Amino acid sequence: MDFQICGFSNLLFFAIFSFLTITSCALQETRPAKHSPASNSPAQINSNSVLVALLDSHYTELSELVEKALLLQTLEGAVSKHNITIFAPKNEALERDLDPEFKRFLLEPRNLKSLQNLLLFHMIPTRIESKHWPVEVNKPIHHTSLCRDAYDEKIQVIQKNGEKLVGEARIIKADDIIRPDGIIHGIERLLIPKSVQQNFNNRRSLRSISAMLPEGAPEVDPRTHRLKKPAPSVPAGAPPVLPIFDAMAPGPSLAPAPAPGPGGPHHHFDGESQVKDFIQTLLHYGGYNEMADILVNLTSLASEMGRLISEGYVLTVLAPNDEAMAKLTTDQLSEPGAPEQIMYYHLIPEYQTEESMYNSVRRFGKVRYDTLRLPHKVVAEEADGSVKFGQGEGSAYLFDPDIYTDGRISVQGIDGVLIPPEELKPAPKASPVAKVVSKQRRGKLLEVACTMLGAFGQDSHFSSCY
């Protein structure tokens, strides 16, 4: 009886052990399937993917921007669904050729969406190899990019003059990287969608508007340059309520009109001290004594500039050096108000530094700056790695940058005296032509007169005198 009980116990233990073993094996088989990461992730990227090739390629600047824009997960989903084409700008296009201000705009955290749109605009969900390029010249094919904010703006693929183009960018390395799920072409420049360009321009224009045209600006009578009604009170340190041109009274001097600004009688900005500082800097810098002499002794511009600075305005002074000032003739300086008019053309009612002006001319080619000599403007453009002002004989180069910068007054040394183009037109050239014509006419009249006298003498008694 005891033997039967013992055998039954062993049999029961073996059955329970077998059940537990089978159950644990089943749990081990089902657990990975239940908690597999692959089931939660939208896509799996293998080592032969075009995305991995991009991150490991020589397009280092583009790959760094992709990581900073947090686009890896988005691109993984795109690669899992489509066979994509990436137009990768060369490193120089994103490093040296890109406007520094635009690059700073893209890397600001608040502009992350603009950076993402810019990068996604270089990718299309279609595989385009070099053999798929349109054969017919000047007949483009348009493709939709991965940038959803581009709306109706598409990437144009075209062939011109034997070259493959994407938009305005030239293909420099066709089929540079080929993978089963995508292809990468190297291009010479960046493709900028209109939405990103508009965001960048709006950011720039809002700053300029807030600095130049504050809200609630009073109305000005254009005939008298006086306020039509009293200006509202302005807190200390705020920008002036009037543009600088309306603060200037008509005439050779810069006497401000009675336009209350943040300085007023309280002088929250000590413009007089700032003007003295920059004139002392010119004298200690050397080579600009003539400019300082004109501002202080020959004219009253120094005191008037100090008054404008006290009223809250800013100025950029293009200061010709002594060698350039020595080329001015006595006739140019002897006329009443001539020195002031020359200096007015060298005063820009903006605060500009060497860096800001050089970046502007690099990006926009030619920039026209307003001067205090209305309505003349001075044209700036890039030349020989520097900034060139003016045109023709009345031009000058930025020679000594940032001689003085204090946030209100900026002094930039130039190697020539700027003359408005209208005054450089050779108007007196017509006089030599008139003289030549008069000489020819005079000779013709004498010839006709002599002929008539000769004919008259043949039949008169005066012929006997000869």
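The values are calculated or read from the model by the stated rules, or taken from the named source; none is laboratory data. Treat the numbers as computed from the prediction; the structure is a model and nothing was measured. Because the Cβ atoms are built from the backbone with ideal geometry, glycine has one as well, and the counts that use them run over all protein chains shown. We work out accessible area using only protein heavy atoms, side chains counted, and drop any ligands, DNA or RNA first. Shrake-Rupley method; radii C 1.70, N 1.55, O 1.52, S 1.80 Å.
In region 358-385, the qualifying residues are those that are among the aromatic types (Phe, Trp, Tyr) and buried (at least 17 other Cβ atoms within 10 Å of the Cβ), and the one that is farthest from residue 301 (Cα to Cα) is 358.
Residues that are in a loop (DSSP other than H, G, I, E, B) and at negative phi do not occur anywhere in region 356-366. Here residue 314 fits the description: in contact with a Phe, Trp or Tyr (Cβ under 8 Å, 6 or more places away or on another chain) and open to solvent by less than 50 Å² (accessible area, probe 1.4 Å). Could you tell me which of the residues 153, 136 is surrounded by 15 or more Cβ atoms within 10 Å (Cβ to Cβ) and among the acidic types (Asp, Glu)? On inspection, the qualifying residue turns out to be 153.
Taking region 176-191 as the search range and keeping residues that are over 15 Å from residue 165 (Cα atoms) and assigned to a loop (DSSP other than H, G, I, E, B), which one is least open to solvent (accessible area, probe 1.4 Å)? Checked region 176-191; the qualifying residue least open to solvent (accessible area, probe 1.4 Å) is 181. If you go through region 395-412 and keep only what is of a type in the set (S, T, N, Q), crowded, with 19+ Cβ neighbours inside 10 Å and touching a residue at least 40 places away in the same chain (Cβ under 8 Å), you end up with 410, 412. Scan region 287-301 for residues that are open to solvent by less than 20 Å² (accessible area, probe 1.4 Å) and not aromatic (Phe, Trp, Tyr) and jot them down. Correct list: 291, 292, 294, 295, 299, 301. The listed residues are 345, 351, and the only one of them that is in contact (Cβ under 8 Å) with a residue 60 or more places away in the chain and within 26 Å of residue 306 (Cα to Cα) turns out to be 345. In summary, residue 337 fulfils each of the numbered conditions (1) open to solvent by 10 Å² or more (accessible area, probe 1.4 Å); (2) at pLDDT 85 or above; (3) not aliphatic (A, V, I, L, M) with the single exception of condition (2). Of the helices (runs of 4 or more DSSP H) lying entirely inside region 74-152, those carrying at least 1 residues that are hydroxyl-bearing (Ser, Thr, Tyr) are 112-120.
Residues considered: 87, 105. Of these, the only one that is out of contact with any Ser or Thr (no Cβ under 9 Å at 6 or more places or on another chain) and under 14 Å from residue 192 (Cα atoms) is 87. Count of region 67-90 residues, restricted to those that are under 21 Å from residue 129 (Cβ atoms) and polar (S, T, N, Q), is 3. Could you go through region 386-394 and let me know if any residue there is over 22 Å from the mean Cα position of the chain (by Cα), at pLDDT below 90 and either open to solvent by 10 Å² or more (accessible area, probe 1.4 Å) or of a type in the set (Val, Ile, Thr) (or both). Yes: region 386-394 contains one or more residues that are over 22 Å from the mean Cα position of the chain (by Cα), at pLDDT below 90 and either open to solvent by 10 Å² or more (accessible area, probe 1.4 Å) or of a type in the set (Val, Ile, Thr) (or both). Based on this model, can you work out whether residue 70 counts as at pLDDT below 55 and open to solvent by 80 Å² or more (accessible area, probe 1.4 Å)? Spelling it out, it is not the case that residue 70 is at pLDDT below 55 and open to solvent by 80 Å² or more (accessible area, probe 1.4 Å).
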